[in-house]
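The values are calculated or read from the model by the stated rules, or taken from the named source; none is laboratory data. Just so you know, these numbers come straight off a predicted model, no measurement behind them. Cβ atoms come from the backbone with ideal geometry, glycine included; neighbour counts cover every protein chain shown. SASA here: full protein model, heavy atoms, side chains in, ligands and nucleic acids out. Shrake-Rupley method; radii C 1.70, N 1.55, O 1.52, S 1.80 Å.
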Amino acid sequence: MREFDLVVFDWDGTLMDSTGHIVEAIQQACRELDLPVPDRETASHVIGLRLDSALLRACPKVGSDRLPALVDAFRRHYQTNLDQVTLFEGTREILLAIRDSGVFVAIATGSSRAGLDRALAAAGIAELFDATRTVDECHSKPHPDMLLQLTARFGVKSGRTLMVGDTSHDLLMAGNARCHGVGISHGAHAGEQLQRDHPLIIVHSLTELGAWLLPRLA
C-alpha cells in the first residue's frame, strides 16, 4: 500500500549540488566587508534559512546596519560561476519516477522566488514539480508554513507527506508540520547532525533515496 501522497524536496544541497558554492559566497562576502570569516561548518549550518537570517547567524558581528550590504555582497558572489553548479546525480530520474507513481512532487526552499525560478529554468526541470514554495511566500524554515501550504494545496494529510532535505532545518520543519522526514547527507549537514532530528532514514545519495522510497509509493 502506498505510504505517501506528496514528496517535498529541499533545493540547495538536496537536489542542487550548491553547498560549497554557497559557503564560498558567504565567506567572500564577509572578506569584502572586512568582517570575521566563518569557517565552512558555521557557514554550511545556516544554509536553508532565509538569507538575511542565515548571514546574521554566520556572521553575528555584522550588525543590523551593515546586514543589507552583506546580503548584496553575498548575492554578487553567489551569481559568480553559478552556471557551473549542477544537479546531483540521479535528480531527474527520481523526480520522474515519483511522478510516474502518481504522487505529487514539490519544493520547499529557503531560496528566493526569483532565485529558485532561475535555477529551475537553468536545470530544465521546472515542469517536474507540481508546486514550489520559497521564503518569499512563506515563513522561513523550520516554521511549518511551507509544508502546511503544500499539503493544503493538494489536499494531502501531513501524515501522508514526506520531506526530503539535507539540513536539520528541513527535518525540524517536517516535525513541526507533523510530516515525515528523510535526511540526505550529501549536502550541508552531516549525517550525525541529521540523526538528532529523528528522520525515518538517512540516505547518502538520491540513488539510495530512490531504492528506499519508490517501493513505498507502489
Task: Extension gain (nm, one decimal) between Lys61 and Arg196, 0.36 nm per residue minus Cα-Cα - done: 45.8 nm
- [ ] Would you work out which of Phe4, Leu51, Gly155 lies farthest towards the positive end of the dipole of the chain, given +1 charges on the beta-carbon of Lys and Arg and -1 on that of Asp and Glu, about the Cα centre?
- [x] Gly155
Open item on the list: I'd like the orientation of helix 91-100 relative to the chain: the angle between its Cα long axis and the longest Cα principal axis, in ° from 0 to 90, rounded to 10.
Closed with: 30
Open item on the list: Could you report the accessible area of Phe154 in Å², rounded to 10, computed with a 1.4 Å probe on the protein chains as they sit in the structure?
Closed with: 30
- [ ] Take the alpha carbon gyration tensor of segment 76-202, find the square roots of its eigenvalues, order them as a ≥ b ≥ c, and report rounded if a/c is under 1.5; if not, report prolate when a/b exceeds b/c, else oblate.
- [x] rounded
Open item on the list: Considering only C-alpha atoms, what is the centroid distance from segment 130-201 to segment 68-89, in Å?
Closed with: 23
Task: Kirkwood Rh, angstrom, segment 1-142 [1 / mean 1/r, Cα pairs] - done: 16.0
Open item on the list: For a test of the definition: using alpha carbon positions, the gyration tensor, and the 1.5 limit on a/c, classify segment 19-81 as rounded, prolate or oblate.
Closed with: rounded
TODO: Grab the DSSP H runs of the chain that are 4 residues or longer, score each as -39,500 (n - 2.57), total them, divide by all residues and round the 222 nm result to the nearest 500 deg cm²/dmol.
DONE: -13000 deg cm²/dmol
- [ ] With a Förster radius of 41 Å, plug the Cβ-Cβ distance of Arg40 and Glu127 into 1/(1 + (r/R0)^6) and report the FRET value to the nearest 0.05.
- [x] 0.75
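Using a Förster distance of 25 angstrom, determine the FRET efficiency expected from the C-beta separation of Thr207 and His139, and round it to 0.05.
Working: r = 32 Å, r/R0 = 1.29.
With R0 = 25 Å, the Cβ-Cβ based efficiency is 0.20.
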